[in-house]
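The values are calculated or read from the model by the stated rules, or taken from the named source; none is laboratory data. As the structure is a computational prediction, the values presented were derived from the model and not from experiment. Cβ coordinates were reconstructed from backbone atoms using ideal geometry, including for glycine residues, and neighbour counts include every protein chain displayed. Accessible surface is based on the protein model in full, side chains and every heavy atom, while ligands, DNA and RNA are left aside. Shrake-Rupley method; radii C 1.70, N 1.55, O 1.52, S 1.80 Å.
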Amino acid sequence: HKTTNLIRRMCMEAKKLRIIIDELSKFCGMVQEEEVQKLADEVKTANKIFLAGAGRSGLAARGFTNRLLHMGFDVHFVGEISCPPIKEEDLIILGSGSGTTKSLIVMGEKAKGVGARIATVTMFPEHTIGQMADVIVTVPGSTLKKAEGEKNLAESVQPMGNLFEQMSWLVYDSTIMVLMDELHQTSEEMMGRHTNLE
């Protein structure tokens, strides 16, 4: 009886996972390859790279920071005590589904003020952060933070901003794969830059 209940629960959980995977597959075609390529190009030409994002979008940006470190880039997550000042010829990547996150707008303005480049991963490229960005990767998702009368790029069965946050993570990972191809880096080489203080 206990085994039957366990199998039944596992099947139910797997169904929810399948819904998420199907949703990601359905909407991934909305991400434009040329936008991902432009982001990769900006990363390659930047002196230093800074990443920022709030909440779960920030967690996805942190994951990207880690992989860029593994590739040997001079990369920093904004807010860490070891984060240096941003300067001209640097790049800041702002992950914001709404494109109106106030703290990220302030960071973008500071970056622009010193002549740094700005990239953003967002659902709403026409919003404030998108307007100041040099490179935009538009990612589908749904949010309750949209303006009145505004439509989401995708309607999700998942709660809150899940779809955007998941798609952001995958966009960052796909950018890493582009960079690996173009810079002829292997997973083994990247592992050599992985922390040994775990």
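Some values worked out for this structure:
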| read-out | value |
| --- | --- |
| Alpha-carbon Rg with Dmax, taken over segment 24-85, Å | 13.2, 40 |
| Debye log10 I(q)/I(0) for segment 56-171, one point scatterer per Cα, at q = 0.14, 0.23 Å⁻¹ | -0.57, -1.37 |
| Sparse-neighbour loop sites [trypsin sites (Lys or Arg not before Pro); segment 57-93; at most 16 other C-beta within 10 Å; DSSP] | LYS87 |
| List PHE50, PHE73, ordered by accessible area with a 1.4 Å probe, largest first | PHE73, PHE50 |
| Out-of-range pairs (alpha-carbon distance over 21 Å; input LYS16/LYS151; LYS110/LYS151; LYS38/LYS112; LYS112/LYS151) | LYS16/LYS151; LYS110/LYS151; LYS112/LYS151 |
| Using distinct alpha-carbon pairs, which all enter the 1/r mean, Kirkwood radius of the chain in Å | 17.9 |
| Charge dipole magnitude, Cβ of K and R +1, D and E -1 - the chain, Cα centre, debye nearest 20 | 1000 |
| Descending Cα extents along the principal axes, segment 91-132, whole Å | 26, 16, 14 |
| Leading residue at positive end of dipole, the chain (Cβ point charges), from VAL75, ASN152, THR175 | ASN152 |
| With all protein chains modelled, accessible area of GLU88 [1.4 Å, Å²] | 120 |
